[in-house]
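Undergrad: Okay, here's the structure, questions in a sec.
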Amino acid sequence: MGVEQLHVQTDCKQASSLVLSNSDSSSILIVRAIRSLRNRARYTDLFWIPRECNMVANALSKIITPQPYSLLLHEYTPTAVHSLLERDVYEPPYRWYV
C-alpha cells in the first residue's frame, strides 16, 4: 500500500541533505524511514524551514512535559506562542523548497 502524497518539513539542513542524498545506506533511522516513505509515495516534497522561521514549533518543543516522550495536549493555546502565532497569521514568506 502506498502513500498518495508525502510532505516532509525539517528545520535541519543536514537532515534534508541526508534524505536527498544518493547514498543507499544511512545509519540514521529517521533518514531511512523517510526514504522508505518517499519510495512508496506517488508525490513527495521536502521543505527546509530554518529554525528561526519556525519559532512556534521551537517554542512548543521547549514546553516541559510531565514525562519524557509523553504526549501533551493543550486545551488552550500556550501563552508562550501567542505573539508568534500572531506573526504567522498569513502564509509564511520564509518557506523554501529543497
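Undergrad: If you go through region 18-28 one residue at a time, how many are assigned to a loop (DSSP other than H, G, I, E, B) and closer than 17 Å to Phe47 by Cα? Write out each step before concluding.
TA: Looking only at region 18-28, we keep the residues that are assigned to a loop (DSSP other than H, G, I, E, B), and these are 21-28.
Those still in the list that are closer than 17 Å to Phe47 by Cα too: 21.
Looking only at that region, the number is 1.
Undergrad: Still on this structure, I have one more. Give region 37-50 a look and list any residue that's part of a strand (DSSP E or B) and without any contact (Cβ under 8 Å) to a residue 40 or more places away in the chain, or say none. Before you say what the answer is, go through the steps one by one.
TA: Applying the first criterion (part of a strand (DSSP E or B)) to region 37-50 yields 41-48.
Correct list: Ala41, Tyr43, Thr44.
One line per residue, one yes/no per condition, for (1) part of a loop (DSSP other than H, G, I, E, B); (2) at pLDDT below 80; (3) surrounded by 14 or more Cβ atoms within 10 Å (Cβ to Cβ):
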| residue | (1), (2), (3) |
| --- | --- |
| His7 | no, no, no |
| Ser16 | no, no, yes |
| Ile30 | no, no, no |
| Arg35 | no, no, yes |
| Glu52 | no, yes, no |
| Ile64 | yes, yes, no |
| Ser70 | yes, yes, no |
| Val89 | yes, yes, no |
| Pro92 | yes, yes, no |
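Undergrad: Sort out which residues of region 1-16 are free of Cβ contacts under 8 Å to residues at least 40 places away in the same chain and under 14 Å from the mean Cα position of the chain (by Cα), and write them in order of number. Lay out the reasoning, then the answer.
TA: Taking region 1-16 as the starting set, the residues that turn out to be free of Cβ contacts under 8 Å to residues at least 40 places away in the same chain are 1, 3-6, 8, 10, 12-15.
If the condition is that a residue be free of Cβ contacts under 8 Å to residues at least 40 places away in the same chain and under 14 Å from the mean Cα position of the chain (by Cα), then Leu6, Val8, Thr10, Cys12, Lys13, Gln14, Ala15 are the ones that fit.
Undergrad: List every residue pair whose Cβ atoms lie under 7 Å apart, where the two residues are 6 or more positions apart in sequence or sit on different chains, the first residue falls within region 78-91 and is outside the structural domain of Ile63 (by TED's automatic domain parsing) and hydrophobic (A, V, I, L, M, F, W, C), and the second residue, located anywhere, is in a loop (DSSP other than H, G, I, E, B) and at pLDDT 80 or above.
TA: Once the first residue is outside the structural domain of Ile63 (by TED's automatic domain parsing) and hydrophobic (A, V, I, L, M, F, W, C) and sits in region 78-91, no partner that is in a loop (DSSP other than H, G, I, E, B) and at pLDDT 80 or above comes close enough.
The values are calculated or read from the model by the stated rules, or taken from the named source; none is laboratory data. This structure is a prediction, so every number in the text was calculated from the model and none was measured. Ideal geometry is used to build each Cβ from the backbone, glycine not excepted, and the neighbour counts take in all protein chains shown.
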